[in-house]
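Reviewing the structure listed below.
Taken together, the values in this text are just the output of simple stated rules run on the coordinates, not laboratory data. Predicted model only: the values in this text are computed from it and were never measured.
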Amino acid sequence: MALIPLPPSPSPDACAVHAFAVTPSDSSTYAQPTRWLWVGTAGNVAVTMQDGSTATFNAVPAGYRLPVSVTQVRSTNTTASGIIGAY
């Protein structure tokens, strides 16, 4: 019996199918919004959300999965590092 793949879930908490290293930038955006961000080293994470609003998540701990759908991690105000984006 063959497995039937399920379509990707729009939920930001769903399993990811692709991951990429994030280089914070005030100009570059992602073609595909993330489902979540993994923060390797603690700090602040400044983002542009999928709806275009902006936010800074302060004091995100190391090793934390931030369940946000973003199109950009901004370099201004981002102090965390080792960030991985997944969708």
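Entry for the stretch 19-86 at q = 0.11, 0.16, 0.22, 0.24 Å⁻¹: log10 I(q)/I(0) = -0.19, -0.41, -0.82, -0.99, Debye formula applied to identical alpha-carbon scatterers, no solvent contribution.
Between Ser25 and Val73, Arg74, Ser75, the built amide H atoms are under 5 Å apart, and every one of these is 5 or more places off in sequence or on another chain.
Phi-derived couplings, Karplus 6.51 cos²θ - 1.76 cosθ + 1.60 at θ = phi - 60°, listed residue by residue for the stretch 46-63: 9, 9, 10, 6, 4, 7, x, 6, 10, 7, 10, 8, 8, 6, 6, x, 4, x Hz, with x used for Gly and Pro. Annotation: amide H-H contacts under 5 Å for Thr54 (H modelled 1.01 Å from N, sequence separation of 5 or more, or interchain): Met49.
For Arg35, nonlocal amide neighbours, meaning residues 5 or more places apart or on other chains whose placed amide H falls under 5 Å from its own, are Ala86, Tyr87.
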